[in-house]
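**Q** Quick one: this structure, given as structure tokens, is what I'll be asking you about.
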Amino acid sequence: MPSFQAWVVTMTDSIPISTASLEDAASIAEIYAHYVAHSTATFETVAPGSAEMAARMELVFEGGYPWLVARDEQAMVLGYAYASRFKPRDGFRFACETSIYVRPDAMRRGLGTALLGALIEKCEATGLRQAFAIIAGTEPASVVLHARHGYRPCGTLENAGRKHGKWIDVFYMQRALGEGGDTPPPVEP
């Protein structure tokens, strides 16, 4: 997979965004573990270790989807974003699900905005036509972030998940990529 570079200017510094590698799996697993343990951003209840995270990353890479990381000046991973196949059936091959996580101590620096923007660009460059975000109703900042990037609400699954002793709605948001559904894809099998 070719390297992708975007530069993000925040109020305090410049943060490079690049394609993740399997060597980033431990850092990514650490970031994700926080959300598994302390939030409802994911409905997983047991955090995957670095080996499991590397296996998940390999599936994303093998599918031709992007996985990006934002790093600080010491090359520490501050956040990540990736796209994966929305559904396994072949008819969904031009649609993806996007996910984004930022280290809690790196929040409010524009990383989420930069990562999601770079991910959208990368998805469009690969020929994907629709992006879906599946967001817990308890995560309003994620809804706002996605709306600022052109995602629109397209459905709610009421009480779809349960975590930390409460039922949680799930919001589906959708964004066209490139020409979206206005034209057929460049290559049809």
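**Q** Do you know which of the residues in region 24-73 that are out of contact with any Ser or Thr (no Cβ under 9 Å at 6 or more places or on another chain) and among the acidic types (Asp, Glu) is modelled with the lowest pLDDT?
**A** The residue in question is ASP72.
**Q** Still on this structure: Among the residues of region 85-102, which ones are outside any loop (DSSP other than H, G, I, E, B) and surrounded by 14 or more Cβ atoms within 10 Å (Cβ to Cβ)?
**A** Once the filter is applied, which keeps residues that are outside any loop (DSSP other than H, G, I, E, B) and surrounded by 14 or more Cβ atoms within 10 Å (Cβ to Cβ), region 85-102 yields ARG85, PHE92, ALA95, CYS96, GLU97, THR98, SER99, ILE100, TYR101, VAL102.
**Q** Could you list, in sequence order, the residues of region 155-178 that are surrounded by 13 or more Cβ atoms within 10 Å (Cβ to Cβ) and under 23 Å from ARG85 (Cβ atoms)?
**A** Selection gives LEU157, ALA160, GLY161, VAL170, PHE171, TYR172, MET173, GLN174, ARG175, ALA176, LEU177, GLY178.
**Q** Pick out the one residue from TYR82, TYR32 that is among the aromatic types (Phe, Trp, Tyr) and either in a strand (DSSP E or B) or within 26 Å of GLY178 (Cβ to Cβ) (or both).
**A** Being among the aromatic types (Phe, Trp, Tyr) and either in a strand (DSSP E or B) or within 26 Å of GLY178 (Cβ to Cβ) (or both) holds for just one of TYR82, TYR32, which is TYR82.
**Q** Same structure, new question: Given the conditions (1) hydroxyl-bearing (Ser, Thr, Tyr); (2) surrounded by fewer than 18 Cβ atoms within 10 Å (Cβ to Cβ); (3) over 20 Å from PHE43 (Cα atoms), and given that TYR151 satisfies all but one, which numbered condition is not satisfied?
**A** (2)
**Q** I would also like to ask the following. Within region 31-51, count every residue that is out of contact with any strand residue (DSSP E or B) (no Cβ under 8 Å at 6 or more places or on another chain), closer than 27 Å to THR138 by Cβ and surrounded by fewer than 15 Cβ atoms within 10 Å (Cβ to Cβ).
**A** Total meeting the criteria: 5.
**Q** If you scan region 138-187, which residues turn out to be β-branched (Val, Ile, Thr) and touching a strand residue (DSSP E or B) at 6+ places or on another chain (Cβ under 9 Å)?
**A** If the condition is that a residue be β-branched (Val, Ile, Thr) and touching a strand residue (DSSP E or B) at 6+ places or on another chain (Cβ under 9 Å), then THR138, VAL143, THR156, ILE168, VAL170 are the ones that fit.
**Q** Could I ask something else about it? So, of the residues in region 50-85 that are of a type outside the set (A, V, I, L, M) and over 17 Å from the mean Cα position of the chain (by Cα), which turns out to be nearest to ALA118 (Cα to Cα)?
**A** Only one residue tops the list, namely ASP72.
**Q** Collect the residues in region 65-83 that are out of contact with any Cys (no Cβ under 7 Å at 6 or more places or on another chain) and surrounded by 13 or more Cβ atoms within 10 Å (Cβ to Cβ), keeping them in residue-number order.
**A** Across region 65-83, the qualifying residues are TRP67, LEU68, VAL69, ALA70, ARG71, ASP72, VAL77, LEU78, GLY79, TYR80, ALA81, TYR82.
**Q** Surrounded by fewer than 14 Cβ atoms within 10 Å (Cβ to Cβ) and farther than 20 Å from PRO185 by Cα: does that describe ALA26?
**A** no
Here's the yes/no breakdown for (1) of a type in the set (D, E, K, R); (2) in contact (Cβ under 8 Å) with a residue 12 or more places away in the chain; (3) closer than 19 Å to TYR35 by Cβ; (4) touching a Gly at 6+ places or on another chain (Cβ under 7 Å):
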residue	(1), (2), (3), (4)
LYS87	yes, no, no, no
ASP105	yes, no, yes, no
ILE134	no, yes, yes, no
ARG152	yes, yes, no, no
ASN159	no, no, no, no
ALA176	no, yes, no, no
GLU179	yes, yes, no, no
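The values are calculated or read from the model by the stated rules, or taken from the named source; none is laboratory data. Keep in mind it's a predicted model, so treat the numbers as computed, not measured. Quick reminder, even Gly has a Cβ in these numbers, built from the backbone with ideal geometry, and neighbours come from all protein chains shown.
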